[in-house]
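Right, one structure below, let's go through it.
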Amino acid sequence: MGVKPHVQTAIYLIWIMLVPAGMWFTYQTFPPHLSGNWHELIAYLALMAIVACMPIIINNVPIFLIQWVSFTVFLIFGLFVEIVFTQIAVLVLLLKLRVPKEQLFRLPLNMIMFFIVSVLSGTVYYLLGGQTAPHLTEDSEAFLLAILYAVLNYFINQIIVSFNLFFIYKRKNAYFGKDLLVETLTTIITIPVGVVLYILYNPLNLLSLLFVGI
């Protein structure tokens, strides 16, 4: 069943009202930690774009596997950079999928979803005392907060996906199917990968990983 035109229009309006203003507010509230490391930013953005180009398709639903990269970006550079990179990754994914014109509303819809997921999980992380660039190997509390952030990110994402399927796509069947199982398993696998990537964080290692991926 297609999404009705007035629903599509509402999605565009919500994106216009929420995401740009929300990103500005996030920048002001949680300023990024860049320190002039532009080459590192570009490398992580390229890595996220590469991962976005390789989704898993289950029941015609693309499974987005950028969590391990966005997790690392969040810990290194902060919430604002993670939001910006995730928004770009969504655009790259939908360009890769060659979404037809009548389904272009999926771009703002997914941008809204990932924006909300990032803001809610990131805000909880900071409110509980989480810091940018934490020492995960030396501070058990920092490690647990990082894992909590990743788990919250996953569960909030699933709640919003279920909401979209039921209220926007009008799918009455339960979401607990093969696609959910695959995404859950991949999340369980990718969270440790993100932790390792962060702990072993090194610009030269990242560039080597990029060349391997390409």
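The values are calculated or read from the model by the stated rules, or taken from the named source; none is laboratory data. Every value quoted in this text rests on a predicted model; they were computed, and no experiment measured them. Positions of Cβ are generated from backbone atoms using ideal geometry, with glycine treated the same way; all protein chains shown enter the neighbour counts. All accessible areas refer to the heavy atoms of the entire protein, side chains included, with ligands and DNA or RNA removed. Shrake-Rupley method; radii C 1.70, N 1.55, O 1.52, S 1.80 Å.
Placing +1 on the Cβ of each Lys and Arg and -1 on the Cβ of each Asp and Glu in the chain, which of Ile160, Gly2, Phe77 has its Cα farthest towards the positive end of the resulting dipole?
Going by the charge dipole, the pick is Gly2.
On C-alpha positions alone, give me the angle between the axis of helix 5-29 and the longest principal axis of the chain, in degrees, nearest 10.
Relative to the chain, helix 5-29 is tipped by roughly 20 degrees.
How would Trp15, Trp68 line up by accessible area, probe 1.4 Å, largest first?
Solvent-accessible surface, decreasing: Trp15, Trp68.
Does anyone have the angle between helix 203-213 and the longest principal axis of the chain? Alpha-carbon axes, 0 to 90°, nearest 10?
So the inclination is approximately 40 degrees.
Based on DSSP H runs of at least 4 residues, each adding -39500 (n - 2.57), what is the mean residue ellipticity at 222 nm of the chain after dividing by all its residues, to the nearest 500 deg cm²/dmol?
The helix contribution divided over the chain gives -23500 deg cm²/dmol.
Which of the trypsin sites (Lys or Arg not before Pro) found in region 77-172 are in a DSSP loop and have at most 14 neighbouring Cβ atoms, other than their own, within 10 Å?
Within region 77-172, the qualifying trypsin sites (Lys or Arg not before Pro) (loop, at most 14 other Cβ atoms within 10 Å) are Arg98, Lys170, Arg171, Lys172.
Taking H as built 1.01 Å from N, whose amide H comes closer than 5 Å to the amide H of Ile63, not counting residues under 5 places away?
Counting only residues 5 or more places away or on other chains, the set is Ile56, Ile57, Ile58.
Using only Cα atoms and rounding to the nearest 10 degrees, what angle (0 to 90) does helix 140-163 make with the longest principal axis of the chain?
Helix 140-163 sits roughly 10 degrees off the main axis of the chain.
Students often get this wrong, so try it: which of (i) 35; (ii) 28; (iii) 24 is percent of Cα pairs over 29 Å apart as calculated from the structure shown?
Label of the calculated value: (iii).
Hey, got the Cα dimensions of region 34-139 along the principal axes, in Å, largest first?
Principal extents (largest minus smallest coordinate, Cα): 48, 29, 23 Å.
So what is the relative contact order for region 10-123, in percent, with contacts set as C-alpha pairs under 8 Å and at least six apart?
Normalised by residue count, the contact order of region 10-123 is 36 percent.
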